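Derivation of every value follows stated rules applied to the coordinates shown; laboratory data play no part. In this text, all values refer to a predicted model and were calculated from it rather than measured experimentally. We place every Cβ from the backbone using ideal geometry, glycine too, and count neighbours over all the protein chains shown.
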Amino acid sequence: MENKVRSILKKLKRIPNANKHSFGHVLVVAGNEGFGGAGILASTAAISCGAGLVSLATRSENVTAALSYCPEVMAKPVNSGQDLDDHLLKPNVLCIGPGLGTNAWSEQVLYKSLHAAKKRNLPILIDADGLNLLPKILDFKIPRKNLIITPHEGEATRLLKANKISSQKNRQTMAKKLFDLYPGTVVLKGKETIVYDGGSFSICPAGNPGMAVGGMGDVLSGMISGYLAQGLSSKEASILGVFHHAVACDSLQENYGQRSLRPSILLDHLVDLEL
């Protein structure tokens, strides 16, 4: 994977006269009641990886906390699917799922996001409860080049069972079945995270058990989305995001250990990846 990452990094060089619009606009749709931290982590990760603009569409009670944590993120109160409509007009990347929950609000904003991605031909990354709700969206259809799903093994198993597909312990087989179900780029998280888009497998050699804590997946979703906004393909952004995320966590465990490694610590120490 390292050779692929080196090649991808060369595409992210910044020209001297660049401005914020040169590096894309990510909209993170996340953070239901009681789960505001997930959206805050994901949106902060997106801007920390170089996206020029990042918006967070979240429940109104999360807005103050989001602005306090990362004032660079444009936090928007969204309490219904209709509230989301205007915020879907400008971004060039959508990220939905962290802390989304599975109630009526969750279904409304997921449907609106999928519809906007399809209508505007936008890349969309779907994570967490966004994945758990996907089987309910009967007219789900996103072009292969625009879709990224980022399940851990539990979410992958639920997705397959919901579609009456038998699951297997072999992770590469599971990634293939997920791709057959939702053609796009599959990021199957876990030890040696897999990135698969119907061609070859890219397997991440980095990472450690300290990453097994709530919120780490939200940071990864934001990182991949931030790289997508800068013009990388879905597979390129996924490979780079997965590798950067894992290598950064490996570096931090030297000072913090594995038990004390938290997603917010990762965000505080996220620096440009150099190989």
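Some observations on this one:
- Checked against (1) touching a residue at least 12 places away in the same chain (Cβ under 8 Å); (2) out of contact with any Pro (no Cβ under 8 Å at 6 or more places or on another chain); (3) under 24 Å from Lys136 (Cβ atoms), Ala104 passes all but condition (1).
- Only listed residue being farther than 19 Å from Glu155 by Cβ, surrounded by fewer than 19 Cβ atoms within 10 Å (Cβ to Cβ) and touching a helix residue (DSSP H, G or I) at 6+ places or on another chain (Cβ under 6 Å), chosen from Leu275, Leu261, Leu228, Leu267: Leu275
- Residue list for segment 207-234, restricted to those being free of Cβ contacts under 8 Å to residues at least 24 places away in the same chain and assigned to a helix (DSSP H, G or I): none
- Selection of segment 2-39 for residues being under 19 Å from the mean Cα position of the chain (by Cα) and of a type in the set (S, T, N, Q) yields only Asn32.
- Subset tally (residues that are surrounded by 24 or more Cβ atoms within 10 Å (Cβ to Cβ) and in contact with a Ser or Thr (Cβ under 9 Å, 6 or more places away or on another chain)) for segment 205-217: 1
- Among the conditions (1) within 23 Å of Ala51 (Cβ to Cβ); (2) surrounded by fewer than 14 Cβ atoms within 10 Å (Cβ to Cβ), Ile142 misses just one, which is (2).
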